[in-house]
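Student: Here's a structure for you.
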Amino acid sequence: MDINERMLLRRFSLIAAGICILMAAMMPVAIASVSKEFIPPSYQTTTNYYRSYGEPDISVSVLGDTELERGETANLELVLSNRGIFYGVKSITSVGASTSAHALSLQELEYEKLRTTAYGVKTSLVSGTEYIKVDPTTSSQTLKDPLYPGSLPKDPLVYTITVSNNAPAGVYVLEMPVTYEYQSDVRMTRGEAVALGLPDLDHVKYYSPVNTTLSVPVIVKPAAKFEVTNVSGELIAGRQSFVNITYTNMGELPAADAVARLIVMKPLATDSSVRPMGTLMPGESRTVSFSISSEREALDKMYALDTEVKYRDVNEDLAYSGNMKANVDMQSSERQFNITALALAGIVVMCIVLIIKTVKKNRKG
């Protein structure tokens with residue numbers, strides 16, 4: 001082979017190598033995605049040209065308002081985002097003058113850029129307080145697609161929570177454990193995957209699991225909150241009685257123009273079911289009396305009377321306390337008569353004893 005032929009062959013080789021490098025750089029990454037259903041080749045049968053830096057950085061944000069009221073059931077719409085940054089690579093294997101090794105290194109460089117993607121993202125929402133309950137049917141969820149940096153999921157994660165009627169106002173932090181894995185290493189196979197029955201496998205991805213916990217704040221709004229703190233009086237079958245009920249504002253804000261309402265059903269009745277109480281400041285109590293009549297056939301037992309308070313909040317809007325219970329004991333007329341008779345009998349016995357003692361004392365004198 002003369003000098004001209006050798007120069008022509010050398011030029012042809014350089015052109016072919018350039019075409020290979022260009023094709024490798026333009027190759028879509030999606031074509032070379034690796035299935036994780038096989039055991040990856042050992043390190044001895046692969047080559048690692050670069051060590052890359054960066055990994056996923058998962059954060060959570062809430063869509064809409066997180067300020068809830070006591071007793072409210074709401075859907076929290078949470079959006080996960082990936083702020084992972086690919087910082088760069090460091091060459092750890094020299095390609096020398098080999099054009100094929102250079103092409104493989106360029107391929108690996110493209111694959112390494114996917115290390116900031118989070119795969120198999122699984123989440124759950126956990127409440128560490130008794131005042132907020134998470135619906136167990138929505139407490140655990142999984143993202144269908146990988147979470148790429150700079151992009152958001154198509155749909156938010158929706159969790160249903162319920163705030164207790166007894167929840168104090170303030171900020172509650174719910175925990176959101178998140179698990180996923182990311183591509184921590186890429187190694188080129190150099191065609192060794194043919195022995196595994198995977199002739200099209202040009203690289204292998206190795207994944208690392210990650211467990212992290214995010215925080216989701218929920219605010220319970222301050223408001224007036226009423227409780228029945230005392231009940232006095234008793235019911236007598238077949239008669240009209242007075243029952244005194246004490247209402248206390250256990251909340252953080254005042255309640256203006258408060259009106260107490262009593263709800264009774266047969267065998268009970270009342271001539272007026274509402275009583276005005278005026279303005280109650282936080283911690284303030286007010287006692288009102290209700291006149292309640294009962295039928296003669298009323299059972300001798302404890303009756304749980306339903307009651308509520310209507311008031312105006314700090315925004316001058318009408319608000320309601322919700323249903324409360326006032327427990328009142330019922331006595332039958334026969335039982336009341338027996339108690340009175342026993343009391344009178346006791347007085348008579350005491351008088352007889354005193355008379356006998358007096359007579360004996362006089363006789364002795």
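Readers should treat all values here as calculations from the given coordinates under stated rules, not as data from a laboratory. Given the structure is predicted, the values throughout are model-derived calculations rather than measurements. All Cβ positions, glycine included, derive from the backbone under ideal geometry; neighbour counts span all protein chains shown.
Student: Using the count of nearby Cβ atoms within 10 Å as a rough guide to exposure, how do 320, 206 rank from fewest to most?
Tutor: So the ranking, lowest neighbour count to highest, is 320, 206.
Student: Right, something else. Sum up the charges of everything whose Cβ sits under 12 Å from the Cβ of residue 324, counting Lys and Arg as +1 and Asp and Glu as -1, but leave residue 324 out.
Tutor: Combined, the nearby Lys, Arg, Asp and Glu give 0.
Student: Next up: To make sure I understand the rule: partners must be lysines, Cα under 16 Å from the Cα of residue 122, and not fewer than 8 residues away in the same chain. Which ones qualify?
Tutor: Partners found: 144, 154.
Student: What is the Cα centroid distance between region 105-135 and region 224-286, reported in whole angstrom?
Tutor: 53
Student: Continuing with this model, one more query. In a shell of Cβ-Cβ distance under 12 Å around residue 249, excluding residue 249 itself, what net charge do Lys and Arg (+1) and Asp and Glu (-1) give?
Tutor: So the surrounding residues net to -2.
Student: What's the local net charge at residue 203, with K and R +1, D and E -1, over the other residues with C-beta under 9 Å away?
Tutor: Local net charge: 0.
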